[in-house]
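Comments concern the structure below.
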Amino acid sequence: GESVGLHLPTLSVQEGDNSIINCAYSNSASDYFIWYKQESGKGPQFIIDIRSNMDKRQGQRVTVLLNKTVKHLSLQIAATQPGDSAVYFCAELPRGGKLIFGQGTELSVKP
Amino acid sequence: GAVVSQHPSWVICKSGTSVKIECRSLDFQATTMFWYRQFPKQSLMLMATSNEGSKATYEQGVEKDKFLINHASLTLSTLTVTSAHPEDSSFYICSASSQTSGNTIYFGEGSWLTVV
């Protein structure tokens with residue numbers, strides 16, 4: 001559902017490790033999901049998307065997994081780099097509806 | 001690729017004044033644009049859907065008389081914060097989708113508003 005006014009959870013990883021960021025979505029009618037990266041003071045930047053007829057999609061260093069049974073989405077970043085430090089949002093789009101953002105996770109990469 | 005541009009990137013205004021933020025789709029036409037508001041360390045909250053040539057659709061709890069939206073052309077939507085107060089200080093972000101790019105959603109870089 002709509003994100004509420006909570007502070008962002010944080011994930012701290014060592015440079016070179018893999019990162020896994022999780023997201024729970026609420027609308028079982030959502031058929032399109034997007035992961036965004038937002039750096040401080042900037043707008044969201046598209047990372048990767050997935051449709052509900054898929055359960056996995058890979059990009060460059062990133063993989064998105066979709067589990068419709070439990071309405072769960074995850075973003076895996078391989079070999080995390082300092083430049084990956086940012087806030088990551090999942091977003092769901094119900095058919096004919098509006099893009100709804102999840103709570104977000106702040107990723108901090110330690111050199 | 002498609003780009004959505006916002007202007008200004010940041011603005012400071014006095015309490016009680018109005019401020020306008022522009023959202024432009026630079027190389028595609030957008031019949032629909034969306035306005036979001038984001039407070040520090042929080043997620044993006046959809047404020048309204050801007051429809052070209054018709055009235056905007058506001059989300060529950062968003063005052064339409066406070067946040068005026070005009071979508072006069074297929075490449076421009078404006079958000080005017082009227083009689084701004086310090087609690088209106090926030091990061092405002094717009095997005096637009098490009099039908100020619102498979103309805104890909106593009107976001108602007110955001111506009112920081114500080115009301116003093």
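Every number in this text was worked out from the coordinates using simple rules, so none of it is lab data. These numbers were taken from a predicted model, which means no experiment stands behind them. Don't worry about glycine lacking a Cβ; one is built from the backbone with ideal geometry, like all the others, and counts go over all protein chains shown.
General remarks:
- Region B:67-116: C-alpha gyration tensor shape, a/c 1.5 cut-off, then a/b vs b/c: oblate
- Spatially proximal lysines relative to B:LYS64 (Cα-Cα < 30 Å; intrachain offsets below 8 disregarded): A:LYS37, A:LYS42, A:LYS98, B:LYS14, B:LYS20, B:LYS41, B:LYS55
- Modelled FRET efficiency - R0 30 Å, A:ILE20 with A:LYS98, Cβ distances, 0.05 increments: 0.65
- Total charge dipole magnitude, the protein assembly as shown, about the Cα centre, Cβ charges on Lys, Arg, Asp, Glu only, Debye to nearest 20: 200
- Considering only beta bridges that DSSP places wholly inside chain B, some 90 percent are antiparallel.
- Antiparallel content of DSSP bridges confined to chain A, in %, to 5: 85
- Using a simple spin-label model with pseudo-atoms 7 Å out from Cα toward Cβ, B:LYS64 and B:TRP10 lie 3.4 nm apart.
- Distance between the modelled labels on A:GLN45 and B:VAL3, one decimal in nanometres: 1.5 nm (7 Å Cα→Cβ projection).
- Annotation: amide H of B:CYS94 within the under-5 Å range of B:TYR36, B:GLY108, B:GLY110, sequence separation 5 or more or interchain, hydrogens built in the peptide plane.
- The share of Cα pairs per 5 Å bin across chain B, counted from zero up to the longest distance, runs 2, 13, 24, 25, 20, 10, 4, 1, 0 percent.
- Spin-label model distance (nm) - A:LEU11 vs B:LYS41, 7 Å beyond Cα toward Cβ: 2.0
- Of interest is the spacing of the C-alpha centroids, which for region A:28-101 and region B:33-108 amounts to 22 Å.
- In this structure the amide hydrogen of B:GLU59, modeled in the peptide plane, comes within under 5 Å of the amide hydrogens of B:ALA48, B:THR49, none closer than 5 places in sequence on its chain.
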